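Structure first, then comments.
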Amino acid sequence: MKIAFFDTKPYDKQSFEQYASDDLKFKFFETKLNIDTADLARGCDVVCIFVNDTADAAVIDKLYDLGVKVLALRCAGYNNVDVKHAYGKIHVVHVPAYSPYAVAEHTMAMLLTSIRRIHKAYIRTKDFNFSLSGLTGFDLYGKTVGVIGTGKIGRVFIDICRGFGMKVLAYDKFPTENTPCEYVELDRLFAESDIISLHCPLTAETHHIIDEKSINKMKKGVVILNTSRGALIDADALLEGIKSRKIGAACLDVYEEESDIFFEDFSGHIVDDDTLARLISMPNVIVTSHQAFLTEEALGNIAETTISNIKEILENGCSQNELCYHCGNTTNCKAQRLGKCF
Ligand code: NAI
């Protein structure tokens with residue numbers, strides 16, 4: 001069996017290479033998967049992709065023509081895959097949970113960095129500037145955090161916030177019992193939260209869930225955290241909110257137009273994206289490059305689950321982690337039986 005990995009970095013190779021054998025061969029490509037690069041998968045049974053690869057209808061058709069049987073996402077989110085179009089052609093598997101702690105802890109790391117001005121203090125003391133002017137922060141204790149999406153990552157983040165003595169409001173399309181928070185409608189969450197953190201998937205419903213309209217409903221000085229998907233936020237509206245001082249700070253691990261920028265070194269180049277450049281130039285905006293998942297534990301779990309997903313599909317024709325389009329055909333459907341039909 002041959003697997004073509006797209007958008008690979010040294011840390012990907014390191015975590016997957018231990019699984020290589022005479023029966024399991026890997027081809028690692030640095031380039032992202034898209035219609036121009038799909039041909040690189042020729043001769044491979046499986047294509048393994050990450051968050052910024054493109055698997056739209058055209059790419060899926062191309063892979064199908066090449067004989068690819070499985071599209072394995074080495075991530076949780078699958079907004080970059082046309083799962084409906086893949087139905088009946090290519091099995092799509094993902095890694096639903098590899099370390100919710102990695103992402104939730106990064107979210108809190110960004111929040112603390114931002115509100116305690118650690119990013120500013122670090123640069124000052126490196127330059128032997130020990131002045132404290134302009135570094136005043138605020139306590140998290142007693143503040144209200146609004147969490148949108150209370151799944152695996154949202155839940156861990158809620159627990160972390162509660163550890164800080166914060167009041168937790170939450171909104172989820174499918175609230176779960178026993179989540180230690182008060183579920184409220186979105187408008188109340190926007191109106192009462194000092195900090196808002198996004199942990200829902202990117203869907204047609206959640207696209208630009210933070211836009212000019214929702215920003216208008218928020219408290220002045222609100223801190224917005226996004227470690228989920230860039231397009232949950234209308235970046236231009238966010239920038240306007242920051243310029244007007246309505247938004248107190250933003251911590252972004254993801255960005256709407258990140259796919260051609262994140263994971264690459266542009267330090268010697270001019271970045272064409274004016275919105276991103278302006279956001280990064282703001283003293284109260286912190287951007288990390290889709291880094292929240294990047295812990296040793298998460299990388300190990302991603303590799304282990306991805307390989308096991310692929311083996312399950314090729315050996316049994318189905319996997320616990322298959323993403324399957326709801327076709328309505330329930331007769332003898334393994335995806336339906338496994339509850340993987342959506
Ligand atoms: P999950 O599936 O466990 O939780 C998602 C939650 O969002 C669920 O409770 C679901 O009911 C809720 N939801 C669905 N539609 C909604 C809507 N319209 N409005 C409000 N809530 C809605 O997913 P998990 O593992 O917690 O991941 C959350 C997101 O984090 C992923 O979709 C992914 O985009 C992102 N992520 C980011 C990473 C990073 O490195 N920055 C790494 C891993 C995931």
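Roughly how many nanometres apart are two label points built 7 Å out from the Cα toward the Cβ at E240 and T31?
3.9 nm
Based on other C-beta atoms within 10 Å, arrange T37, T150, T203 from fewest to most.
Placing the least packed residue first, the sequence is T203, T37, T150.
I need the Kirkwood Rh of region 129-181: take the reciprocal of the average 1/r across all distinct C-alpha pairs and report it in angstrom.
Every distinct Cα pair counted, the radius reaches 12.5 Å.
Could you work out [θ]222 nm for the chain from helices alone, using -39500 (n - 2.57) per DSSP H run of at least four and dividing by all its residues? Round to the nearest 500 deg cm²/dmol.
-9500 deg cm²/dmol
How do V287, V254, V46 rank when sorted from fewest to most other Cβ atoms within 10 Å of their own Cβ?
V287, V254, V46
Please check which bits of region 48-70 a label hung off Y325 would reach, taking the label as a point 7 Å along Cα-to-C-beta and the cut-off as backbone N under 12 Å.
In region 48-70, the label zone of Y325 (backbone N under 12 Å from the point 7 Å along Cα→Cβ) covers 56-58, 60-61.
What is the magnitude of the charge dipole of region 98-160 about its Cα centre, with +1 placed on the Cβ of each Lys and Arg, -1 on the Cβ of each Asp and Glu, and no other charges, expressed in debye to the nearest 20?
Dipole of region 98-160, to the nearest 20 debye: 120 debye.
Fewest to most neighbouring Cβ within 10 Å: what's the order for F6, F26?
Ordered from fewest to most neighbouring Cβ atoms within 10 Å, F6, F26 come out as F26, F6.
Viscosity 1.306 mPa s, temperature 10 °C: give me the Stokes-Einstein translational D for region 153-194 in µm²/s, with Rh taken as the Kirkwood radius over C-alpha pairs.
On the way: Rh = 10.7 Å.
My calculation gives 148 µm²/s for D.
Need one number for the chain: average projected area of the convex hull over its C-alpha atoms, nm². Each step should come with its number before you reach the end.
Values: hull surface 76.7 nm².
One quarter of the hull surface, i.e. the mean projection, equals 19.2 nm².
Using only Cα atoms, what Kirkwood radius does region 233-312 have, in angstroms?
14.8 Å
At what distance in angstrom do the alpha carbon centres of region 1-71 and region 250-316 lie from each other?
18 Å
Amide H to amide H under 5 Å from C48: which residues, 5+ apart in sequence or cross-chain, H placed 1.01 Å off N in plane?
A4, F5, F6, A72
Quick check on region 25-83: take the gyration tensor over C-alpha atoms, sort the square-rooted eigenvalues as a ≥ b ≥ c, and tell me if it's rounded (a/c under 1.5), prolate or oblate.
It is rounded, given that a/c, with a ≥ b ≥ c, falls under 1.5.
For R116 and D23 in one chain, what is 0.36 nm times their gap in residues minus the Cα-Cα distance, to one decimal in nm? Can you show the working numbers first?
On the way: separation 93, 0.36 × 93 = 33.48 nm, distance 5.17 nm.
Stretched fully, the R116-D23 segment lengthens by 28.3 nm.
Quick one: what Rg and Dmax do you get for region 91-246 from the alpha carbons, in Å?
Here Rg and the maximum Cα pair distance are 16.4, 58 Å.
Applying the Karplus parametrisation 6.51 cos²θ - 1.76 cosθ + 1.60 with θ = phi - 60° to the phi angles of region 262-271, what ³J(HN,Hα) value in whole Hz is obtained for each residue in order, glycine and proline being reported as x?
5, 6, 10, 9, 9, 4, x, 10, 9, 7
Show me, for region 53-64, the HN-Hα J-couplings you get by feeding each phi into the Karplus relation (A = 6.51, B = -1.76, C = 1.60, θ = phi - 60°), rounded to Hz, glycine and proline as x.
7, 10, 10, 7, 4, 5, 5, 4, 4, 5, 5, 4
One quarter of the convex hull surface, Cα atoms only: what value does that give for region 15-171 in nm²?
Details: hull surface 55.5 nm².
Taking a quarter of the hull surface, the average projection is 13.9 nm².
Rounded to the nearest 0.05, what FRET efficiency do K2 and H207 give with R0 = 35 Å and r taken as the Cβ-Cβ distance? Could you check?
0.45
Just to be sure I understand: with springs between alpha-carbon atoms less than 10 Å apart, which residue in A72, A249, A277 has the highest mean-square fluctuation in the Gaussian network model of the chain?
Between A72, A249, A277, it is A277 that shows the largest mean-square fluctuation.
All of the numbers you see were taken from the coordinates with simple rules; none came from a lab. Here the structure is a predicted model, which means the values were calculated and not measured. Glycine also receives a Cβ, built like all others from the backbone with ideal geometry; neighbour counts cover every protein chain displayed.
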